[in-house]
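For reference, the structure is listed below as C-alpha cells.
Values quoted throughout were computed directly from the atomic coordinates according to the rules given, and no laboratory measurement underlies them. In this text the structure is predicted, and so the values were computed from the model without any measurement. Every residue, glycine as well, gets a Cβ built from its backbone with ideal geometry; the counts of neighbours run over all protein chains shown.
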Amino acid sequence: MPAADAVIRLRHALPANLLRAAWFTWIIAGIVFVIGTAWALTYSASQLPAPGMQARVYRGADFGGVPTVLDRDHALDPVQTARVSGLDPQQSFSVEWQGVAVATEAGIHHLRVRVDDGVAVWLDDQLLIERFAPGRHDLSAAVRLTRGLHRLRVRYAQLGGDALFRLSWARPSWREHFVPVLVVPPAAELIFRRVDKALSYPIVVAVAWSLWILSGLALAFCASCAHMTRQSLAGSSKAALALAIVAVILFGFGIELGAAPWRDWVPDELTPNDFLFAAQERFAGGWFFLYPPFHFYLVNIVTSPFLLLAPGGWLDIGDYHTLAVVHVVGRTVSVVMGVLTLLVVALIAGMTIGRRLTLLAPFFLLGAPAFVFYSKTTNVDIPYVFWVSVAMLLFLRAVTTRALADHVLLGAAVALAVATKDQAYGFFPGAAAILVWLSWTDTRHLSALPARARATFADRRLWAGAATCLVVYVLVMGVSWNVKGVIAHFELMNKAAPAFRMFPPTLGGMSRLAGATALVFPSALGPLCTVFGAVGLCVVVLRPRRYRRLLLLLGLAASYLVSFVAVAGYIYDRFLLGIGLVAVLLAAVGFDTAMRAISIPRARLTVSTGLLLMVLWPSFLVNLRIASDSRLELEEWMEAHIERDLYVVGSGAQMYLPNLHPFRHMIEPRRDGESFLEWNPDVIVLNAQWVNRYERSNLAVVAHSLEQAGYQRVYSAGRDPEPPWWSTLIDVGAPADLFSNLDKINPPLSVWRRP
C-alpha cells in the first residue's frame, strides 16, 4: 500500500452524528437570530431619527418677518413645505432648513444642489454654495468631512414660478454616484456612534439570515447525500475536514475584491443588479438573461433578507454599499457550491475508483486553477458544474440500481443543470444513450429483436426520467408564466452563438479546435492533473472491468465534447470544468498507479508529498496573483497621487481597470489613441491587454499618439512581459489569451498624465 494512502485515504466523509450536530446548531442559530433581529431592528428604530430637517418658512423671499416653524420637514420639498405653511408655492417665499448631515465615510464629499430659484448651503458653518437669481441652477461644491455628524444649514428663496430644491452628495468612494444626503433634525441626544450602529445593524441582520439560509440549503443537500449513500457517509475523517478547510480558504480568499465599491471585477460575472432586477420583475413579463434563471432563483432565495428589509426602510437596496454586501453574499453561494462539488466528487470517486482514493479525486479538483477562480465569483460556471456533478452521481446510481426513483432523480438533476447554464446539456445525450443501451441489455432474455425493441421502448424508467426532466425544466425556466422571456433567452443564445465561434465547422476547423482543447487542459485543471489524468486514462482503458463505471462517465465527457464544444466551435478553460469532474478521477487512478511503482517506502512518501503540494500550487498561485493584482496596486497609487477633480479616461471595460469612481471619469471602449484624446482627459489609464486584444501592434500606436499629444507615462503595474517561470505554471498549455480568463488577473496597466 503506497505511503500517500495515509494522506488521501477516506475512512468516511460525513459522519451522521456530525450532521445531527450541524442541524441542531442551525436551529439554535435561527432562534438566536430571531432574538437578535428583534433587538437590532428595535435599536435601529430607536437610535435613527426619521430623516428631515427643522424648517422656518417666511412669507417673503428675504427671510424677514415671523416664520412658521416646522419641527420636522421630511420631504425638503419647497412646494410641499409652502403648502403645509399655508403659502402659495408659486408666490415668493423663503425657507431656512437646519439639520445634521450623517457622514459614514471620511474624505471628500461632493455636494450637488438643483434649485429654482435661490439657495445658500452651509456645512459646519462653512459656506459652500450660494446663488440667488431667478431660474433653475445646478450647483456643486467639494468638502472634506470626517466620519460623524455635521451641522447643515440651507437657505432657499422662491422668487416666483416653479419651486425646486434637491440636495444630494457623492461620497468619497463613489465620486459620480449622487445619493440623497442623510440628514436628521438637530437634537441634543444625537450621538454618531449610535446612529452609525443603527445604520449598519439592518445589513448585519440581512447578512446573518442570508448565511443562515445558505447553510440550511447546504445541510439539506448533505443530508440528502447521506441518505442516498449511507455506505459512504457513515464515519469520519480528519483528512476530509482538512480538505474542506483548505477549500474554504482557497475559494473564499478575495471574494470581496471588486465589490467595494460595487462594480464588475470578473468577466461574465452576475452582478447584484442582474439578479435583483430579476426578482423585481418576478422573473416574468418577458424578463430574460443570457443565462437561464435557476441560479437567479437560488441567489435571490439566499439574499431574500435584503429584499424583505428594504420595503420597511431598514436599508436601501439601491445603495452601492448595500449592493457590495449583496455581491459578496452572492459570491459566497459559489464558495459553498464549490465545496459541495468536492463532496460530490468524493462520493463519485467512492463509487468508481474505490474508497481508498476517495479524497484524492477532489484534491486534484481543488488544484484546478479555473475551479478555484470561479468558485469565488458569481459566474454560473461553478453552480452548473455542481449540478452536473450531482447528475453524474445520480447517473451512477441509476446504472447501478436500475431503480425507477434514481432515473427520476437523475432527470430532475439534469433539468437543474441545464436550467443553470445551457451548455450543460452536452453531457446528457451520452447519458441517455447509455441508459437506453442498459435498458436494451435488460431485455436479453427476449430472443426476438422486435420484442426487445418494444420492451426497451416501453421501459418506464426511461420515460419517467425523461418526463421528470422535461417537467422540471419547463417549471424552472418559467414557461408557464414567462413564455416570452424564455423565447427571448433562446433567441439571444442563437444570435450570440455565431459571434463566439472561434473555429469554422470544417474538418480543418474541428481539428484545430481539438488541438486547442487539448492544450487548454493544463491551464484549466493544472499540469499535474493533466499528466496523471493521461496516465489514469491508459490504466482505465486497460482494465475496463475494474473501472466500468468510470468508463461510463467518460461517455458523458465525450458526449459534452461532441454535443457542445464541437457544435459551438469555441473553447475556454472554464468549459473544461465539467470534464474535469471525470479528469480528476482519472488523475487519482494515475497518481495511485505511479506511486505504487515506487517500491521504496521513504522515497514513495517523499515523492507523493512533494507532488501533492505541487498539485495545489497553481491554485495558491491564482490567489497570490489576486492578492497582488495590478488594479488594487493602481487604486492605491492613484488615491495618493491623482487629485479627485482631474478628468480620468480608462481604456476598455470597467472590470479590467482600477476603481475610477473617486474621480471624474469616462470608460472608453475603443482601442485607438484618437478615441482617448477626444475626451481631452487629464489622466489616461491604459490596459495594455485590452488595447492589444485584437491588433498586436496597437499598444505601440496608442503610446505614440499619447506621447505626441504631450502625455507621459507616470506609473505602470501588472504582469511582466516575461513573467518568472513559477508564474507560468497556471498558464502552461494555454495557446492564447483568448482561451482563458485567468490572464485577466493582474492585467498590465499604465497611467499617462499630461504635465
Cβ-derived FRET efficiency at R0 56 Å, THR606 paired with PHE63, nearest 0.05: 0.05
Theoretical gain in end-to-end length, LEU290 to ALA497 [0.36 nm per residue, Cα-Cα removed]: 73.4 nm
From phi via Karplus (6.51, -1.76, 1.60), per-residue ³J(HN,Hα) for segment 297-310 in Hz, x at Gly/Pro: 4, 4, 5, 5, 4, 5, 8, 4, x, 5, 5, 6, 7, 5
For volume of the Cα convex hull per residue in Å³, calculated from these coordinates, the label among (1) 182; (2) 225; (3) 197: (3)
Inter-part distance where segment 608-654 and segment 328-354 are each reduced to a Cα centre, Å: 27 Å
Reachable lysines, given that their alpha-carbon falls under 30 Å from the alpha-carbon of LYS744 and they are not under 8 places away in the same chain: LYS376, LYS421, LYS495
FRET efficiency, 1/(1 + (r/R0)^6) with R0 60 Å, evaluated for HIS227 and LEU646 via beta carbons: 0.45
Theoretical gain in end-to-end length, HIS177 to ARG282 [0.36 nm per residue, Cα-Cα removed]: 35.1 nm
Potential extension, SER46-TRP437 segment - 0.36 nm per residue separation minus Cα distance: 133.9 nm
Degrees separating the helix 381-401 axis from the principal Cα axis of the chain, which is the longest one: 30 degrees
Loop-resident sites, segment 398-504, for chymotrypsin sites (Phe, Trp or Tyr not before Pro), counting at most 16 other Cβ within 10 Å (DSSP): TRP481
Mean separation of Cα contacts under 8 Å (6+ apart) over length of the chain, as relative contact order %: 13 percent
Environment charge of VAL195, counting only residues whose C-beta is closer than 12 Å and scoring Lys/Arg +1, Asp/Glu -1: +2
In sequence order, calculated HN-Hα J values of segment 404-418 (Karplus, 6.51, -1.76, 1.60; Hz; x Gly/Pro): 4, 4, 5, 5, 5, 5, 4, x, 5, 5, 4, 4, 5, 5, 5
Alpha-carbon centroid distance for the pair segment 239-298 / segment 150-167, whole angstrom: 42 Å
Angle between the chain longest axis and helix 507-525 axis [Cα atoms, degrees, rounded to 10]: 80 degrees
Estimated distance in nm for a label pair at SER168 and GLU105, the labels positioned 7 Å out from Cα along Cα-to-Cβ: 1.5 nm
Amide hydrogen neighbours beyond the local backbone of VAL100, cut-off 5 Å, H modeled: LEU152, VAL184
Rounded tilt (10° steps) of 577-596 against the dominant C-alpha axis of the chain: 50 degrees
Efficiency of FRET from Cβ geometry, ALA142 and GLN708, R₀ 35 Å, rounded to 0.05: 0.60
